[in-house]
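All remarks here apply to the structure that follows.
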Amino acid sequence: VEEVRIAARLAVLQDIAHSEGWSSVVLSNQHSPSVSLSNAEVFILDKCNAVIEGPTPESTDPVIAAKLAAAKIPVITFDITQKGWYFVGINNSLAGIEGGEALGHIIKSKWGCSLDEIIASGLPVVGVIDTERTGGMIKGIQKICPNIPNSKTIEYDGDGEVSASSTAARALLAAH
């Protein structure tokens, strides 16, 4: 889901840039601190007018922010509430809870809140974003189905990629 959401955002941004006659550079941080920092250096060397930043490893945000601020490059972000950046995202905790509640209603109507397990794929490297979004999903499910114990919840690192996440989820399902 996250991969699709990011791809949709990227498509919209690229369409806007194209229609305005702007050139754009798209770089993936691959959820890596070193790649994230390297990308910031590329933006500075390319003398970009602005950067739109997606989820990065949380530890790199202050360093990237300082580098881009020193280069006088403004940053717009969807998911990171970093001081000095223009945050246009949503409250990750509330979004997670609302999504979890919606899923909880499905679980309740289809299975009477009786589950073997909740398997939650996250992206821990992005820190609080993952804690709030994935953790919020679990809280939302438990709000609708309060009898599902925490012991039935398995959280794992899905690496932010559907291919990695679904492979790990299948292995967890087989193991349990």
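Since every read-out is calculated from the coordinates, none of them should be taken as a lab result. Source: prediction; values computed, not measured. A quick note on method: Cβ atoms are made from the backbone with ideal geometry, for glycine too, and the neighbour counts reach across all protein chains shown.
A Förster radius of 30 Å combined with the Cβ-Cβ distance from Val42 to Ala102 puts the calculated FRET efficiency at roughly 0.15. Normalised by the number of residues in segment 1-117, the average gap of Cα pairs under 8 Å and 6 or more apart makes the relative contact order 15 percent. Spin-label model, Asp157/Lys110: points 7 Å from Cα along the beta carbon direction are separated by 2.9 nm. Spin-label pair Ile90-Asn49: with each label point 7 Å from Cα along the Cα-Cβ axis, the two points sit 3.0 nm from one another. Of all DSSP beta bridges confined to the chain, the antiparallel ones make up roughly 0%. Between the beta carbons of Ala71 and Lys143, assuming R0 = 35 Å, the FRET efficiency works out to 0.20 to the nearest 0.05. Put simply, the amide H of Cys48, placed in the peptide plane, has no neighbours under 5 Å, leaving out anything fewer than 5 places away on its chain.
Rounded to the nearest 500, the helix-only mean residue ellipticity at 222 nm of the chain stands at -17500 deg cm²/dmol, with each DSSP H run of n ≥ 4 adding -39,500 (n - 2.57).
The loop-placed GluC sites (Glu not before Pro) in segment 97-176, going by DSSP, that have at most 14 neighbouring Cβ atoms within 10 Å of their Cβ come out as Glu117. Diffusion coefficient of segment 54-131 by Stokes-Einstein, Kirkwood radius over Cα pairs, 10 °C, 1.306 mPa s: 107 µm²/s. Any idea what angle helix 92-111 forms with the longest principal axis of the chain, computed on alpha-carbon atoms, 0 to 90 degrees, nearest 10? Approximately 30 degrees, to the nearest ten. Extending 7 Å from Cα along the Cβ direction at Ala171 and again at Leu13 yields two label points whose distance is 3.1 nm. Springs join every pair of Cα atoms under 10 Å in this Gaussian network model of the chain, and among Ser151, Ser59, Ser32 the largest mean-square fluctuation is at Ser151. About its Cα centre, the chain has a charge dipole of approximately 320 debye under the convention of +1 per Lys or Arg Cβ and -1 per Asp or Glu Cβ, with nothing else charged.
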